[in-house]
Every structure is written in C-alpha cells, then in structure tokens.
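Below you'll find the structure, written out as structure tokens, and then a few comments.
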Amino acid sequence: MAEIIDVAVVGAGIIGLAVGWAVADGKRKVYVLEKNDSFGQETSSRNSQVVHAGLYYPKNSLKASTCVEGNRLLYEICASNGIAHRKLTKIVVAANDLEREKLEALLKNAAENGVGGLYLLTRQEVKRIEPNVEAVAALYVPSTGIIDVHGLMKFFLGKAKDKGAEVVYRAEVTGIAKERDGYSVTVQDSSGALTFFTRVLINCAGLNAGKVAAMAGIDLKKAGYRLHYCKGEYFSVGKGKSGLVKRLVYPVPLPEVTGAGIHVTLDLDGRMRLGPGVEYIREIEYTVDENKRHLFYEGVKRFLPALALNDLAPEMAGVRPKLQGPGERQKDFVIHHEEDKGLPGLINLVGIESPGLTASPAIAKMVGEIVNELL
C-alpha cells in the first residue's frame, strides 16, 4: 500500500520552502520535493537579491498585495532572526521631463498599493545624495533593500523541518493522478520510481510549474498557465567603481520593456552589478553573452556617466518563469486552489517571478490559509 501523507509541496525554491513552513504544524505529514541536489538552485539563487517596495504592480493585483505585505514581513523576519540585509533605499531616475511625469504616475500607483514614504527629488536633491547620478528628478523609495537570499532560504528550511516537514532532494515528480480525496504522486529518485498518496498537492515548481500543473490535469492554454522563460543576464562592475552609488538606482520603466529595465544594484559586500537584461528563450540555460556588455553600458550611462565600458564584466544569469510573452501586458501571479476545475486539493502557484522573493512570506501565509480550510 502506498504511503499516505497530508501535504506534498513540489519545489524547494524560496516559495516552496516558505510554503513548507506555513503548512507544517507539527502534526501533519508534509513532504517538500526537490528534483535538484539542494534547495534554491534555480530562480531563487539567480536574481538581484532585492527586497522590493511594490510600486510597479497594478492596483489590487496579487503582485502588489503580496509584495507590500511581504516587504514588511521580510524585514521583521530578518531583524528577529539575524538574517543579513540592508535597507539601502532606491531612487528611480528620470532623464527628461516626460520621464518626470512617469515618476508622478509611479508615485500615485505606489500610494494606491499602500507603499508609504515615497517622495520626489529634484535634480539638486539627487546630486546631494548621489553625486555621480545624473537625473532631472527621481523618486525616492525608502523601503527597498537587499537581502541574503541563501540565508533566508536556510531560515525557511529550518523552520519547515522544525515543524515536521521532510525535505527530499533528488526527487523529481514524474506523474500525478487524481484520486478520491487526493492525489497519487509518482517520484523518481536515485533508487527508482515510488508512488505515494497526498491529500493536498501544492505546485511551487517555479520554472517547471506549468509542467507540474499539466501533469495534474490542467489544460495550460485554457487556464492561461503557459509559461515563458525570460533570461536575465548580469554584468559586474569592477575597477573600483562600486562606490559610485550608495543605493539602488533604477531607470523609469519603459512600456516596451518587460521588467524594470537594466538597473544598478549592490550586494551585501558593496559590489555593484548591472541587470537584469530581458531575453525570451526556449530552453533554460545560464550563459552570459559578453558581447552584450555594450548594451548594458548604454542602459545605464545616461544616469551614471562615470561608468566606463571596460568597467563591466560578465557575472551570471537567471531565468524567470513569466506568464506574459514578448510584447504582452504584465500578468499577475497565479495562486489558485483548483477546485473550480474539478481538482480539489490541488493548489497551483504559477508565474511566480519578481517580486516573488519579496512576496514569499505573504504568499506562504496565503497558501497556508487555503490548506487550513482543506485539512
């Protein structure tokens, strides 16, 4: 007879680990299944490590609400548990009067999303806080910061285990069958294939969330769950130029750009990097094209003219699981109990890209509430 558990979470990235913590209660039998050798090996470890404020996302969207709540929760978690972070703040810079108007629209959108403390800076005020930045105006964002993502994931992992969750690596889900009162899940591990029964199945598979949803019986096209892989490359800044700025510097996002545009970030050691770029790809791969150095340089030189082309070096790349394809409007997170599709007990999390890191504790809280209603 197959083993029977209460909750299976597919994926041990930052979302899966946070969800594992939220659904484990010391009594339920909870598995977190990860196909890789360890946790957070994909999107969770290949990003800007930024704690976002929530100013870019449409009002009443899941991206907006979970980002704003997650921002608050993350800082509380970090402060209470010794997780390295720095609330560096951020400025979004305008190069001309048209972009200044867009800053005012961003400020209004942020206020509608409940993001507090933002205000506009004049050219002189920008120069006072960031002497090397050129801008006619900027939006000051006090709640943006950076975080030790690996440390945060270790915290979520430890909390999930403390509450009884078992995290199983090298365990790839290869089959899901709907049964009465739950799901039969087949997993391939080093010893072969094994099957167990779970009352609740939570899909936190990140880049593979579409595949897992389809395996469970979801028509991806009909549900709007088809994912697009969007690669983001980063270039590091060397030659002593990391000290050019003290905070994160973003351009005004352009309508045709999928994301916030190439921006300047700092890590916890003070190293500067530029990115991420935007490139839709068919297959997941993480090479960085050194020939794009000029593209990244052009992306920031208008507001950081002290930077030189030869200051840049290829660093790393990440891949985001986007629901929106090239040229499409921004699409929201999918966090949905699939009872309306005839699949009670299946909870899909699809398209959890930026600001997924920031939103992780809020997303986990939301999923935990759904599970509490089911069990």
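Nothing in this text is a laboratory measurement; each read-out follows from the coordinates by a stated rule. Keep in mind it's a predicted model, so treat the numbers as computed, not measured. Every residue, glycine as well, gets a Cβ built from its backbone with ideal geometry; the counts of neighbours run over all protein chains shown.
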- Query: When the Cα centres of segment 135-168 and segment 1-64 are compared, how far apart do they sit, in Å?
  - Reply: 12 Å
- Message: For a quick check: sort LEU304, LEU17, LEU220 by the number of other beta carbons within 10 angstrom, fewest at the front.
- Response: LEU220, LEU304, LEU17
- Find out how many positive minus negative residues lie around LEU346, taking Lys and Arg as positive, Asp and Glu as negative, among other residues whose Cβ is under 15 Å from that of LEU346. -3
- Please pull out the direction-averaged projected area of segment 273-375, using the convex hull of its alpha-carbon atoms, in nm² to one decimal place. 9.4 nm²
- Item | Environment charge of HIS85, counting only residues whose C-beta is closer than 15 Å and scoring Lys/Arg +1, Asp/Glu -1 | +2
- Item | Pairs from LYS127/LYS154; LYS127/LYS365; LYS29/LYS154 whose Cα-Cα separation, in the structure shown, is over 31 Å | LYS127/LYS154; LYS127/LYS365
- Task: Quick one: grab Rg to one decimal and Dmax as a whole number for segment 1-98, Cα atoms only, in Å.
- Result: 17.8, 69
- segment 297-347 to segment 186-218: how many Å between their Cα centroids? 24 Å
- Note on the structure: tail above 12 Å in the computed P(r) of segment 102-143, as % of all Cα-Cα pairs, reads 58 percent
- Message: List the residue ranges in the chain for DSSP H helices whose C-alpha atoms run 15 angstrom or more along the long axis and whose Kyte-Doolittle average is 0.5 or above.
- Response: 356-374
- Message: Show log10 I(q)/I(0) for the chain at q = 0.11, 0.14 Å⁻¹, two decimals, from a solvent-free Debye sum over equal Cα scatterers.
- Response: -0.76, -1.17
